[in-house]
Amino acid sequence: MALLQTLILRVITTAVTLLGVAVIVFFVIRVVPGNPIAMMLPPGATAEDIANLTAIYGLDKSIPQQFFIWGTGVLGGDFGTSITLKQPVLELVLGRLPATLELSVLALVMAIVIGGAAALTGTRLRETRVEGGIDVAQGMALSVPDFLWGLVLILVFGVLVPVFQISGRVTPSLQLPFVSDFYLVESLLRLRFDLSLDLLSHMLLPALALAIPLAAIIGQLLKQSLKETMHLDYVTLARTQGYSEAKVIWSQALPNAILPTLTLVGVQFTFLIGGTVIIERLFSYEGLGNMAIDAVINRDLPLIQGIVILFAVIFTGVNLLVDLTYAALNPRLRHG
Amino acid sequence: MSFLSVRNLSARVKGGGPLLRDVSLDVAVGEVRGLVGESGAGKSMIGKAVLGILPKAVEITSGQIMLDGVDLLALPPAQRRIKVGATCALIPQDPLTALNPSRRIGVQITDRLVDILGWTRQRAEERALALLGEVQITEPTRVLRQYPHELSGGMRQRILIASAFAAEPKLIVADEPTTALDVTVQKQILKLIAALQVRHGTALLFVTHDLGVVSKVCQKLSVLYAGKVVEDSAVADFFRAPKHPYSAALLAATPKYTDPLAGLQPVPEAVIAAVRAEVAHG
Ligand SMILES: Nc1ncnc2c1ncn2[C@@H]1O[C@H](COP(=O)(O)OP(=O)(O)OP(=O)(O)O)[C@@H](O)[C@H]1O
Ligand SMILES: [Mg+2]
């Protein structure tokens, strides 16, 4: 019952948040300098040409009027038409979303695996040199932002030891049998592991660049909670029952220590998705972020709006999902 | 024959002073030994040393802990862990923190039976159910599916007692198992432990502050002062004629439970000073 109430409240706040984002984006991109129409026309176009084209896109109306027109369209599922690409925004955005989702989720999984392994190892070997080494590595991982890691990875694994792809999503010459835009998922489902491998070898470096800082954050926080948990009475009791140190950490301490980390991962995952914008650019990965940068450069107002709204939906959705998972994992919350 | 025999055990804080000084103490099969002494005397340390859960900062400097004829301190850690896990159990002091908050009661009793002792899941579950009955929990089937926070402190201590007896251990260490509980519940829990001890014939090392409890539950008694055993007696002898001045003073300081206020005397300063001097000289 309490859960349902929370859920309804969350849906309402989510709607308000999205409205706020829509309003801000809409107005901000209209007051910053730069005219999309002027950029579309060849040099030497007359003032009349500009006025005509401006009217076609409705940009001659007042900003509140424009917002009303756009807003009613959005509510009906129409996000307008991209000025530069001349296609419906919704179609474009949804076409690119799967690429970004696959990259982000892969990065998240890598961050959890790397950070989790570091935390477990650090806890098992606490107060030894190994723990010190892990702490130093994590400090380094944290002090460098994801896009610089991207450059480092390109240099090392793309140029010096070229074992992974550093550009694009898939080798262009390959025949793709896919019906959806979730290439990696579909290649796995179709058991076309040759394609999965090609996709992964393109995704690995950008995903790793996104994952490294998050892995360090996960590793630090989880190790700290684990070490605190290791002093608790029920952990000591499990030791007297004959469980090995590793088993005690894994099955007694971890389930309790993981909750704070989980909340943090939710928040950090949204930052990670934000990071895809630059990382995708860096690796010429054909996702939403790469498209967003093009849209901003070209002042493609409807496309920018669509992408921002979609990012906002993803962010709030992730947060909602984290809260629900938290409630499901914590029996004290579940029973109110 | 002694099931547990602690021989000349000394321990200290790493880089610090001694905690246990030449402690020797035996618990025979099926026997209950009380371990009393003032706060900080090292009672819990002895229990922890036996169970292999000493804090990292504490190290054993000399002595032996013979369990069933085997010196635990000479075993490799993994073997020691398994030996202790299979033959000993702990009834902890604070039932509120000794159960894992995120796991159901049932698995907290059955898991180690399956994981460590190799029972089938079904046998372990039947055992858990039977034991909850033994510790007088009504509706055991429901309780097995609950989480710790749904249960009172007394209920949780019953569960921990059931869990301690689950694998028919030869020795149970009970470290002040009632001090964290409501006064009204303390008596029931004590009775329960005593009854299960008798029924299962388990040897018990019973850490307590309460000589009244000792007189009811224990056959043997060790009095600890500043990490040293100052008296080791049969309980009947102790109450008739304590051998050591500190024990005598301790006895005099204990309220008679028929009339809690009668005969309440603080341990005289002179006695304390004398014992201190004695302990310091080894
Ligand atoms: N982790 C630790 N590191 C160092 N010293 C400790 C640690 N834990 C306890 N001690 C010290 O060891 C001594 C014995 O502690 P212990 O817990 O065995 O006392 P106790 O007799 O059980 O007392 P109480 O009746 O209060 O439980 C105390 O002086 C205490 O300060
Ligand atoms: Mg104690």
Review point. On the accessible surface of region A:96-296, probed at 1.4 Å, how many percent belong to carbon and sulfur atoms?
Key: 71
Study note, to complete from the structure: Helix A:47-56 sits off the longest principal axis of the Cα atoms of chain A, rounded to the nearest 10 on a 0 to 90 degree scale, by 60
**Study point:** Counting all C-alpha pairs of region A:204-256, share separated by more than 12 Å (%)
**Key:** 66
Practice item. Quote the FRET efficiency, to the nearest 0.05, computed for B:THR138 versus B:THR179 with a Förster distance R0 of 30 Å and r equal to the Cβ-Cβ distance. Key: 0.75
**Study point:** Under 5 Å, built H, 5+ apart or other chain: amide partners of B:LEU224
**Key:** B:VAL36, B:GLY37, B:VAL230
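Per residue of B:100-111, how many C-beta atoms from partner chains lie within 10 Å of its own C-beta, taken as a mean?
4
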Exercise for review: With a 1.4 Å probe and every protein chain left in place, work out the accessible area per residue of region A:96-296 in Å², rounded to a whole number.
Suggested key: 44
Exercise for review: Evaluate region A:96-296: find the radius of gyration of its Cα atoms, find its Kirkwood radius, and give the ratio Rg to Rh.
Suggested key: 1.05
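Give the whole-number value, in cubic angstrom per residue, of the convex hull volume spanned by the C-alpha atoms of the protein assembly as shown.
Spread over its residues, the Cα hull of the protein assembly as shown gives 229 Å³ apiece.
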Check your understanding: For region A:240-280, what is the Kirkwood estimate of the hydrodynamic radius, computed as the reciprocal of the mean inverse distance between distinct Cα atoms, to one decimal in Å?
Key -> 12.5
Check your understanding: Just for the Cα atoms in chain B, what are the lengths along the principal axes, largest first, rounded to whole Å?
Key -> 59, 48, 34
Review point. Out of region A:32-131, which trypsin sites (Lys or Arg not before Pro) are coil in DSSP terms and have no more than 14 other C-beta atoms within 10 Å?
Key: A:LYS61, A:LYS86
**Study point:** Among the listed pairs B:LYS43/B:LYS191; A:LYS227/B:LYS187; B:LYS56/B:LYS83, those beyond 32 Å (Cα-Cα)
**Key:** A:LYS227/B:LYS187
Review point. Looking at chain B, do any whole DSSP H helices span at least 24 angstrom along their long axis by alpha carbon and average 1.0 or above on Kyte-Doolittle, and which?
Key: none
Study note, to complete from the structure: In Å, the Kirkwood hydrodynamic radius from C-alpha pairs for chain A sits at 22.9
**Study point:** Beta bridges per DSSP with both ends in the protein assembly as shown, % antiparallel, nearest 5
**Key:** 60
Point to revise | region A:143-251: trypsin sites (Lys or Arg not before Pro) in DSSP coil with no more than 10 other Cβ atoms inside 10 Å | key: none
Review point. Among the aspartates and glutamates, which fall within straight-line cross-link reach of B:LYS228, defined as a Cα-Cα distance under 12 Å, with same-chain neighbours fewer than 8 residues apart omitted?
Key: B:ASP22, B:GLU38, B:GLU278
Check your understanding: Under the Kirkwood approximation applied to all pairs of distinct alpha-carbon atoms, what is the hydrodynamic radius of region B:99-197 in Å?
Key -> 13.7
Revision key, fill the gap. Here the whole-number average of other chain Cβ atoms within 10 Å per Cβ of A:241-250 is 5
Point to revise | Cα-only Debye scattering, region B:1-152: base-10 log of I(q)/I(0) at q = 0.10, 0.16 Å⁻¹ | key: -0.47, -1.04
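Determine the shielding of peptide B:112-118 by partner chains: average, over its residues, the number of Cβ atoms on other chains within 10 angstrom of each Cβ.
Across B:112-118, the average partner-chain Cβ count within 10 Å equals 3.
The values are calculated or read from the model by the stated rules, or taken from the named source; none is laboratory data. Bear in mind that the values here come from a model prediction, so they are computed numbers and not experimental data. Positions of Cβ are backbone-derived with ideal geometry, glycine not excepted, and every protein chain shown enters the neighbour counts. Quick note on the areas: whole protein, heavy atoms, side chains included, nothing else; ligands and nucleic acids left out. Shrake-Rupley method; radii C 1.70, N 1.55, O 1.52, S 1.80 Å.
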